[in-house]
Ligand SMILES: Nc1ncnc2c1ncn2[C@@H]1O[C@H](COP(=O)(O)O)[C@@H](O)[C@H]1O
């Protein structure tokens, strides 16, 4: 029997509207690409979001159409988050650190019709647009479209500010169904081509509520949240949605990822909660200790995207009195699914015991179910010892990739994460390995397969293998192992030269080893696990040796 | 375009399962009807809930079937909340303070098939059951069915403990759709017969998330919540659902509503958040001040169901250091929709200003939209002055009554609440009257509630009531009825003088009657209808007499 409740839908725009209704004067502070600090209120943000929605309507953007962005964390990107989804179109955030070819491939795959781009990416945009004959237009996130690098753009070109300037500051949002697509993020998280995760309004609203709750980020009206995770990466972990919901002040770092930039914003804006990968907090720590600085306002850093190292957990506690709050998630899972917030019962534990828990990935929040399964898909005990592939389930977790089948990943109603994990009796999960071979460097993916494919094109290469090995700063970096063809000579320098220009600079392997053979399974697949184990400390040791 | 998210449903049973997963050892403490204190953990609660589900299956209770309860706030009632909805049936909570005929009428209207009843209501149950020939059976919430008063029950009779005892302690819950009906509560909130509000799983889960959030009850793992609102009334304001979600300790008072009972539980169980109507906190205060006691653990009382009187707000702050947190809602709205939690910005205000806000009904939480409309249904400004009928909208708000049309209440996608309210620029809402109690004098509204509130501050006034009665010129004029405190003398002149300057001149009652008592409903509300009928011609006749 069905109940008689109002058919109210969970819609993204209502998160911002709620923020405005309850906290109209709460601030959004951005470090602009132009370099200066911009500040306005949720009320201002909403007025400009309405203006943007009208402007999008004038472009005749249709429901479901993909609107791509290549942009840093600023207020304009925030307005796009709300206006594009609000009118029923799909915000398609693209990673500007990829090569133009990769970006064009992704936008083609997504069938993106419009591109909104930060002025600093004008040159990149030019290269991308040249490969996308069907693109309807480009909007540069600036005061004027006089960006030299965009001179050759063939499609219509607009500048954001004049584009929205004369529009009305209120807007009647369409009554969408909550299952409507809202956000499209690509991930290179598994092998092969990047894959799109298409999230719904419902998923993002439920995710925002979980994110704001005490089980995840615990956002409140007196939180000052600085997301150091990019808005082009997994929706900045939902921060743009959860902050207005909770009435938190939002501090957007623009492209300023240096320790000095972070320290300045934290100090001036009284940031008390940070959000980002371990590398970013290591960067902050390096800066602070080098300059003998402190961050008294900072209470917590919420850290995901990679495992939390014990050393940093301790350093942040003992040196800065900052709680290192581990989180786990992936683009396919909202992304947030697990965390270990500083609950009173946790903080009451002996310090070393608490630190140990802070190096896990935390516990599942309400809405997310987890299990670990063996190779036959059988659930394993949560005893803190038995490991298995982590599977997750919940209302903001992907059920398939955009326009792409992947029965291995989406098995029996669960998402198979590719993370090998243990779960203990208290529900704390810890990633112990990765089933997939992709490398995560400073929170971003490097495809081992891509590099291997390029290597294999060199006439002297018989077989190659790229693995991620431990790195003190970037968490993981690629190491390339190559077996030369019989009778061929090969050296590092030749291979580095060969790779030059074919892959992004930050994808370049940290070292290249010429070997005589590589281990294979019975079916002829590379056994990367074994290699990873063997070489895991290779970069650390070779550094020590220097 | 639809997104590709997992079709996970929001189901009530998952709130308890989550509580068990994250806080297995958290306690549920009940004052049993038997008189003693019972305590167990969420883990125990879940095991018994599973046993109950199996037992319900043995009774062959079908999806959608109504299972009625006549019961106080105890762990057994809590198990019924989860097991009955969990198997896809509908928990139908009935108010045991009604007359047997009223209860039978409601259960007949609801077509309830089973009745679960506290032993203390055995006699009542007997009288009810005699009028319900189609009832399939009765389960008495006790160790044994040897309840003398139930000797004559014709239908099968079970005792709860043996009924569930030998069942397995795990259960495979059906994969329900989230729109499935879960909870049926009747309200006598408007004139005529009581009406049923049938809530869905989705509504109750979203309501629980809102309830646990900082905007409403702000429940956390270190909250010890004591709901003094009955589990037969509007789902105990969602406390049974929200507490396990947040991992809060739940203290259930059974039938113990006295000041001494409350004080004992608060002190022994370290209750920090209470939930209930103003009267209950007045009862507590009377007891504490009579015995010179205090409640050091108590931090907040969350108070709804009636307006928050300034006097009590102050007393609780100044005498007990307890924050009086107003909430607003009604059976048709989940019930929780508005509150004014002690946000830092509120607590930073000058005390008197803060007190004033604490006497409003608070601000809408995420999910709830509000508007006030005039007699023509036109939205009115939120200026803190213009009043209108309050309308609300949201995913846990009723769209119709159970099996009953009421186009006046369910207008244009909104619920017309029947409350006359103002909303200020900050979003704080204040109920100024009930629509049916408001007095229309010369086309303008006079708030009976406002006048009553002022009267109640006179030391000699025990209770007061203002009704609108016929007037030859103004259509309606206010008439004030007052019951003096025992041993106090009161006369018209004193009261007129007291009101002078405190209300607008044209609000001054046309006459004041000193009476010995006023009629009340079973739940303690004034029956103004009766008084209006009795006194409708009072002014006309007294004028004629002149
Ligand atoms: N707390 C964590 N511990 C270990 N690995 C993590 C953690 N959080 C995220 N990851 C890794 O990052 C992946 C998700 O990456 P992405 O989709 O880019 O957000 C996961 O599948 C994990 O491999």
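No value in this document is a laboratory result; all are computed from the given coordinates. Bear in mind that the values here come from a model prediction, so they are computed numbers and not experimental data. Because the Cβ atoms are built from the backbone with ideal geometry, glycine has one as well, and the counts that use them run over all protein chains shown.
Here are a few things to note about the model shown:
- Taking the range A:442-545 and dividing mean pair separation by its residue count, relative contact order in percent (alpha carbons under 8 Å, at least six apart): 28 percent
- The modelled label-to-label distance between residue A:386 and residue A:317, using points 7 Å beyond Cα along the C-beta direction, is 3.0 nm.
- Note on B:197-203: average number of Cβ atoms from other chains within 10 Å of each residue's Cβ is 4.
- Under the shape rule built on the C-alpha gyration tensor, where the axes satisfy a ≥ b ≥ c, chain B is prolate, since a/c reaches at least 1.5 and a/b is greater than b/c.
- Label geometry 7 Å along the beta-carbon vector: residue B:260 inter-copy distances in nm: 7.3
- Cα-based shape type of the protein assembly as shown, given that a ≥ b ≥ c are square roots of the gyration tensor eigenvalues and the cut on a/c is 1.5: prolate
- Cα-based shape type of the range A:288-355, given that a ≥ b ≥ c are square roots of the gyration tensor eigenvalues and the cut on a/c is 1.5: oblate
- Calculated label separations, residue A:133, copies of the chain, 7 Å along the beta-carbon direction, nm: 8.2
- Mean sequence separation of contacting Cα pairs (under 8 Å, at least six apart), scaled by the length of the range A:349-462, corresponds to a relative contact order of 23 percent.
- Separation of the range B:333-408 from the range A:497-511 is 60 Å, based on Cα centroids.
- Length-normalised contact order for chain A - Cα pairs under 8 Å, 6+ apart - percent: 11 percent
- Relative to the other identical copies, residue B:425 shows label-point distances of 5.9 nm, where the label point lies 7 Å from Cα along the Cβ direction and values run shortest first.
- For chain B, the longest principal axis of the C-alpha atoms and the axis of helix B:100-110 are separated by about 70°.
- The range A:184-238 versus the range A:463-491: alpha-carbon centroid distance in Å: 33 Å
- Helix-only arithmetic for chain A: the sum of -39500 (n - 2.57) across DSSP H runs with n ≥ 4, divided by the residue total, places the mean residue ellipticity at 222 nm at -8500 deg cm²/dmol.
- Packing rank of A:24-34, B:369-379, where each peptide gets the mean count of other beta carbons within 10 Å, highest leading: A:24-34, B:369-379
- Mean-position separation - Cα centroids, the range B:59-119 and the range B:124-172, in angstrom: 12 Å
- Per residue of peptide A:363-370, the mean number of Cβ atoms on other chains within 10 Å of the residue Cβ is 5.
- Across the range A:160-202, no residue has a backbone nitrogen under 11 Å from the label position 7 Å along the beta-carbon direction of residue A:136.
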